Amino acid sequence: MNLIDRYVAEVGRRLLLVKGRKDIENELRSTLDDMLEERASKAGTPADEAMQMELLKEYGAPHKVAQTYNPHPYLIGPRIYPFFTFILKIVLAAVAFGLSIALVIQIISQSPMSAAEFLSTVGKGILNIISVGIAVFGNMALVFALIERYAPAADFKMDEDKEWDPAALKKEPEPDEVKIWEPILAIVFTFIALSIFNFNPQLIGIYYLNGDGWQVTPLLSEAFFRWLPLLNVVWVAEIVLNGMLLRSGKWTNGARLFSIGIKLVQVFIIVMLLMGPSILALTPESMASGGITDPDAAGKLNELAHTAIKFALGFAVLGTVVEVIKSLYKMVTQK
Amino acid sequence: MANTESLENVVLELRRGVIVLAALSQLGAAEYGYSLLKKLADLGLEVDQGTLYPLLRRLEAQGLLESDWKIEESRPRRYYVISTEGKKLLPKLKKEWTGIVSVMDRMLS
């Protein structure tokens, strides 16, 4: 293997994920051979290693050469960046707002508290807001980076690319039109789900009163929380989708496709939940501690709950599949 | 220092836009990358390989160029030639260019 071969291999190694890597390598090798030959004939001596070294030095470091071929130099490019910041601002504001309210409620429900307790609760609350904010930022960046890489430019034309027509102001409502409150509600509720499931899962439970005051027993099991990371991606994707709808004001084919993709992932998650162990954390014992003292009744009730949740999941799959079919139908009939 | 740097940046930006037009205009007959590079240099436009090769690939991906591997002097070479789509675009680009030149001439004289 001569120096040029090694150099080409080194450039190729940095283009592993780029389409047409072999082609690029072959073209680079043929160019370098041409250049070397030209230099040798100019110098009147056969090409030697020193000449190769000089040529490669001029051509540049392999990582720099590889970089020029990179079709995706951006994580989130200028095409979708304005949209990314638009959604990010809405979501971060919702995060800060929602968690601040939660913090105030927590302080009220725990008062009277000492100054030290108060400071520690506020401190923890603020840290919580910061860490949720960072997590939301990360998830959004991930989803947008995927859009940047895999969404065809034509499907995700942003408002800036389109010619604005003042006639749009007096247009009749269309069947594809999105009512403005729908995506807003969807964003708010998705965000609430995100924050509760991720940061306050203890809130999801069965509440009951006994001698020591309000008690809560967890409702969902580990089998559910195992799927939380993928659910998070789905939820963030929903926020992005609703942001798109909010911005464009109507269902485009791109938005429908995106929505179908999200629903298919949902179906996958629900089917996995159905096939795995029960997602309910209820046991006859936890029911007994919740006030159902008859062990027989607790057992029966527990069994009933676990069967009911399976049915609920089954219906959720059916419902989601019906929605996918509806979206597909609308896509086909949409002009 | 800062002055030289901004001068270089502006020159780079100016040239970047011109190279597409230059490459399209010289690919009426098929050329491989290095021969095109030399042709442009002979005509007075020095282009960096790191700029030209990725640009050729991009123009091909956009459908403005076509390419084909040929074996010559026992060496495979990738030849690029302007496509039908590119031929349609070229006169419009030329017109655009003439417009820019005349406007800038007026502005700078």
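Laid out as a table, the results:
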quantity: Filter result for the condition that a residue is on the phi < 0 side of the Ramachandran plot, outside any loop (DSSP other than H, G, I, E, B) and either in the same structural domain as residue A:318 (by TED's automatic domain parsing) or of a type in the set (Asp, Glu) (or both), over A:262, A:239, A:196, A:206; calculated: A:262
quantity: Selected residue (only one of A:40, A:9 is within 17 Å of residue B:73 (Cβ to Cβ), in a helix (DSSP H, G or I), more than 13 Å from every other protein chain (Cβ to nearest Cβ) and open to solvent by less than 70 Å² (accessible area, probe 1.4 Å)); calculated: A:40
quantity: Those residues of region A:198-233 which are of a type outside the set (S, T, N, Q) and at pLDDT 85 or above, in sequence order; calculated: A:224, A:225, A:226, A:227, A:228, A:229, A:230, A:231, A:233
quantity: Residue count for region A:13-37, restricted to those that are closer than 17 Å to residue A:64 by Cα, within 14 Å of chain B (Cβ to nearest Cβ) and in a helix (DSSP H, G or I); calculated: 8
quantity: Test: residue in region B:30-42 that is farther than 21 Å from residue B:15 by Cα, touching a Ser or Thr at 6+ places or on another chain (Cβ under 8 Å), away from chain A (no Cβ under 11 Å) and not acidic (Asp, Glu); calculated: no
quantity: Residue within region B:7-23 that is out of contact with any Gly (no Cβ under 7 Å at 6 or more places or on another chain), within 14 Å of chain A (Cβ to nearest Cβ) and at pLDDT 90 or above present; calculated: yes
quantity: Inter-residue pairs, beta-carbon under 7 Å, first more than 10 Å from every other protein chain (Cβ to nearest Cβ) and in region B:52-80, second of a type in the set (S, T, N, Q) and outside any strand (DSSP E or B), 6+ apart; calculated: B:63/B:83; B:64/B:83; B:65/B:83; B:66/B:83
quantity: Test: residue in region A:292-307 that is open to solvent by 50 Å² or more (accessible area, probe 1.4 Å) and closer than 29 Å to residue A:94 by Cβ; calculated: no
quantity: Scan of region A:57-74 for residues that are loosely packed, with under 13 Cβ neighbours inside 10 Å, more than 9 Å from chain B (Cβ to nearest Cβ) and either in contact (Cβ under 8 Å) with a residue 60 or more places away in the chain or more than 13 Å from residue A:12 (Cβ to Cβ) (or both), ordered by number; calculated: A:57, A:58, A:72, A:73
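The values are calculated or read from the model by the stated rules, or taken from the named source; none is laboratory data. Everything numeric here is computed off the predicted structure, so don't read it as measured data. FYI the Cβ positions are ideal-geometry reconstructions off the backbone, even for glycines, and counts take in every protein chain you see. Quick note on the areas: whole protein, heavy atoms, side chains included, nothing else; ligands and nucleic acids left out. Shrake-Rupley method; radii C 1.70, N 1.55, O 1.52, S 1.80 Å.
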